[in-house]
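Only the coordinates and a few stated rules stand behind these numbers; no lab work does. Every value quoted in this text rests on a predicted model; they were computed, and no experiment measured them. Note that each Cβ is placed from the backbone with ideal geometry, even for glycine, and that neighbours are counted across all protein chains shown.
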Amino acid sequence: MAPIADYTPYLSSRSRRRGPVATIAVIQPYIGRSDIISLGGGLPHPDSFPFKSLSFEIETEGGGSETLHVEQTDLLRGLQYGNPKGATELNNWFKGLMKRDHSPPGAFDLLIAGASQDGLAKTLEMLLDEEDSILIEQPTYPATLNILQPLSLHYVPISIDRDGLVPEEIDRTFQNWETDERNKGKRRPRVLYVVPCGQNPSGVNMTLERKLEVYALAQKWDFLIVEDDPYYYLQFTSTHRIPSFLSMDVDARVVRMDSLAKIVSAGIRVGWVTASPALISQLEYHQACSNQHASGIAQALTWTLFKKWGYEGFDAHVEWVWKMYAERGKWFYKACKEELEDKGLGFMEEPQAGMFAWVQLNLPPSTPSTQPLLLTYGAPVKKVLFVPGSACYFDGRPSLHVRASFSMATEANMREGLRRLGEIVKEAKEGKIRVVVGEHGEDTVASVQE
C-alpha cells in the first residue's frame with residue numbers, strides 16, 4: 001500500500017480547523033535574518049533575564065562526578081521563545097536516535113513535547129472528536145483514560161494476554177461492526193491506542209509477531225496506531241529489543257511517543273512524538289496554540305547532557321537503568337510468589353519490561369472489587385497502597401486485580417507490602433472483613449466483623 005497522502009479523514013474537527021497563526025506564518029521566513037531590522041516580533045529582551053549561567057553535576061563511570069556547563073548560546077536560546085518542534089540540535093539528536101533504533105521505512109518528522117504524556121494529549125486531541133470510537137487495550141494506562149474522559153468516546157476494548165494485544169479481537173470487531181448492537185450509530189474506530197512494551201499495568205511486551213498482525217489489520221481496516229512507548233528502553237533483555245510499530249510503518253499510520261521520564265528524569269518533562277511530516281506539522285499547530293514549545297531550559301539541559309554522552313553514553317546509561325529495573329522486577333516477582341501465590345492468595349506473571357506488575361487476588365467470588373479493600377481498609381488500616389484494578393478500565397468495572405509498582409520500594413518493603421496485601425485477602429476469605437455495596441451503588445466500604 002502507498003503511504004497515506006491525506007490525513008483529513010483521520011483528524012478531529014478541531015484539528016481540521018487549526019492552522020498556522022496567520023501573522024506569524026507571514027513573518028516567519030524573515031525572522032532571524034541579519035539583513036532585516038526586526039520590529040515585528042514579541043521577543044523579550046535577553047537583558048531582562050536574570051539567569052547568566054547554568055551548570056549541573058552528573059555521575060560518571062566508577063562513581064565519580066563531572067560538572068557540565070550549558071553553553072551561553074544554548075542558555076540564551078533556552079531562555080527565549082523557541083520553535084514549537086523544539087530546539088534544532090536536540091530535535092536532530094532525537095531524529096538520529098529514531099533512525100538508529102527504529103529505521104522508519106518512510107519519511108518522518110519529530111516534535112519535542114513536554115514529556116510523552118503532553119505529546120499524547122495533543123495527539124489524541126488532534127485525532128478524536130467527541131463520541132468517536134477508539135480501539136483501546138484492556139486494561140490500560142489510567143492517565144490516558146483521564147485524557148480521553150471529557151470526549152465521551154465509544155470505547156472498543158481489546159484484550160491483552162502474555163503476548164500483548166489479541167489481533168483476532170480487532171479483526172472480529174470490524175467484521176461485526178454493523179451487526180453489533182453496541183456499535184449502533186457509532187463511527188468505526190480510526191485510532192488504536194497501545195502501550196506495547198512494559199504495558200501499563202500488565203508489564204507485558206507485545207511480541208513482534210503480534211505487532212505485525214496488528215499492523216496488517218491497521219492496513220486492512222484503515223486505522224492509525226498511537227504507539228505510546230515510554231518503556232521501550234526498559235525491556236528486560238540482553239539480546240535485542242522488540243521492533244516497534246514505527247519500524248514497520250510503510251503506510252505512515254503510526255504516531256509514536258517516547259520519553260526521557262523513565263530513563264533520565266521524570267521532572268525534566270522532555271519527550272518526543274515521531275510521525276509522518278504531515279501529522280507532525282498538524283501537531284505543531286496544537287503545540288503552538290498551547291504551551292508553544294517544551295521548556296527551553298529543560299531542552300538546554302538535555303542537549304548539554306547528550307552532547308557529552310553521545311549515543312554511546314546514552315546507551316551505557318540506558319543499559320544500567322533497564323538492568324536495575326529488571327533486578328527489581330525479579331525481587332517483586334519472587335516476593336509475590338512466596339507471599340501470595342504459594343499461600344493461595346494471589347498470582348502474577350513475571351514483568352517483561354517497565355516498572356509495573358498486574359497482580360490477581362484470590363478473593364471470594366462475592367467480592368465486587370478490590371477498590372474498597374485497598375482504599376478504605378488496606379491503606380488506612382494495613383498501611384499498604386496499591387492501585388485498584390478498576391482504575392485501569394475505561395468503565396471502572398469491578399476487578400480483582402491490583403496494579404503494583406516496583407520502581408521505588410526496597411526489596412524488604414516489597415515483601416512486607418505483599419505480606420500485608422496477603423493479610424487483606426486472607427481476612428476477606430475467612431470472612432473477617434467484607435465488602436458492602438450501598439443500596440444505590442454508592443462507594444463501597446470494607447467493614448471489620450468482630
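Could you pull out every one of the aspartates and glutamates with an alpha carbon less than 15 Å from that of Lys308, ignoring same-chain neighbours closer than 8 positions?
Those aspartates and glutamates meeting the cut-off are Glu57, Glu59, Glu61, Glu66, Glu71, Asp74, Glu89.
Arranged from highest to lowest average of other beta-carbon atoms within 10 Å per residue, in what order do the peptides 397-403, 353-359, 34-40 appear?
353-359, 397-403, 34-40
Please arrange Asp395, Asp109, Asp180 by how many other C-beta atoms lie within 10 Å of their C-beta, fewest to most. Can you show the working numbers first?
On the way: Asp395 10, Asp109 18, Asp180 13.
If I rank by nearby Cβ atoms, fewest first, I get Asp395, Asp180, Asp109.
Near the amide H of Ser369, under 5 Å away, which other amide H atoms are found, from residues 5 or more places off or on another chain, if H is placed in the peptide plane?
Amide H neighbours of Ser369, under 5 Å, 5+ apart: none.
Need one number: % antiparallel among DSSP beta bridges in the chain, to the nearest 5.
On the way: 30 of 46 bridges.
Of all bridge pairs located within the chain, approximately 65 percent are antiparallel.
Under unit Cβ charges (Lys, Arg +1; Asp, Glu -1), what dipole magnitude, rounded to 20 debye, does the range 72-313 have relative to its Cα centre?
Details: 24 positive and 30 negative charges, 137 e Å.
That gives the range 72-313 a dipole magnitude of about 660 debye.
Lys211: which lysines have alpha carbons under 20 Å from its alpha carbon, excluding same-chain residues fewer than 8 sequence positions away?
In chain and number order, the partners are Lys99, Lys220.
With a 10 Å Cβ neighbour count serving as the proxy for reagent exposure, in which order, fewest first, do Tyr30, Tyr215, Tyr231, Tyr285 appear?
On the way: Tyr30 12, Tyr215 21, Tyr231 26, Tyr285 18.
Least crowded to most crowded, the residues run Tyr30, Tyr285, Tyr215, Tyr231.
With helices defined as uninterrupted DSSP H runs, which ones in the chain have an alpha carbon span along their own long axis of at least 15 Å and mean Kyte-Doolittle hydropathy of at least -1.0?
Working: long enough: 88-102 (20 Å, -1.28); 116-127 (16 Å, -0.10); 208-221 (20 Å, -0.41); 277-288 (16 Å, -0.14); 296-339 (47 Å, -0.56); 411-429 (27 Å, -0.94).
Both cut-offs are met by 116-127, 208-221, 277-288, 296-339, 411-429.
Can you figure out the FRET efficiency of Ile36 with Lys186, using R₀ = 41 Å and their beta-carbon distance, to the nearest 0.05? Write down the numbers at each step before the final one.
On the way: r = 53 Å, r/R0 = 1.29.
Working from the Cβ atoms, E equals 0.20.
Would you work out which of Met257, Gly106, Phe245 lies farthest towards the positive end of the dipole of the chain? Charges go on Cβ: Lys and Arg +1, Asp and Glu -1.
Most positive-ward Cα: Met257.
Work from the charge dipole of the range 326-448 (Cβ charges, +1 for Lys and Arg, -1 for Asp and Glu, about the Cα centre) and give the residue of Pro368, Met414, Gly354 farthest towards its positive end.
Of the options given, the answer is Met414.
Give me P(r) over the chain, computed from all C-alpha to C-alpha distances, binned every 20 Å, as integer percentages.
P(r) over the chain, rounded to whole percents: 22, 51, 25, 2, 0.
What fraction of the DSSP beta bridges in the range 112-184 is antiparallel, stated in percent and rounded to the nearest 5? Please report the intermediate quantities before stating the final value.
Working: 2 of 8 bridges.
In the range 112-184, DSSP labels about 25 percent of beta bridges as antiparallel.
So the label point goes 7 Å from the Cα of Lys308 along Cα→C-beta, right? Which residues of the range 50-65 then have their backbone N under 11 Å from it?
55-61, 65, by backbone N distance to the label point.
Give me the dipole magnitude in Debye, nearest 20, for the chain about the Cα centre, with unit charges on the beta carbon: positive for Lys and Arg, negative for Asp and Glu. Mind dumping the intermediate values first?
Details: 47 positive and 57 negative charges, 72 e Å.
In debye, rounded to 20, the chain gives about 340.
I want to check the label-to-label distance for Asp163 and Glu350. Put each point 7 Å from Cα in the C-beta direction and report it in nm to one decimal.
Result: 2.0 nm between the two label points.
What spacing in nm lies between the two simple spin-label points modelled at Arg16 and Val321, each 7 Å away from Cα in the Cβ direction?
Spacing of the two 7 Å Cα→Cβ label points: 3.9 nm.
For the chain, build the charge dipole from Cβ charges (+1 Lys, Arg; -1 Asp, Glu) around the Cα centre, then report which of Leu128, His286, Asn205 sits farthest towards its positive end.
The residue sitting most towards the positive pole is His286.
Output the peptides 309-319, 60-70 sorted from most to least packed, where packing is the average of other Cβ atoms within 10 Å over each peptide's residues.
Values: 309-319: 13.8, 60-70: 10.3.
Result, highest mean first: 309-319, 60-70.
Once you keep just the Cα pairs under 8 angstrom separated by 6 or more residues, what percentage relative contact order results for the chain? If you can, show how the numbers build up before the last one.
On the way: 754 pairs, mean separation 75.9, N = 450.
For the chain, the relative contact order is 17 percent.
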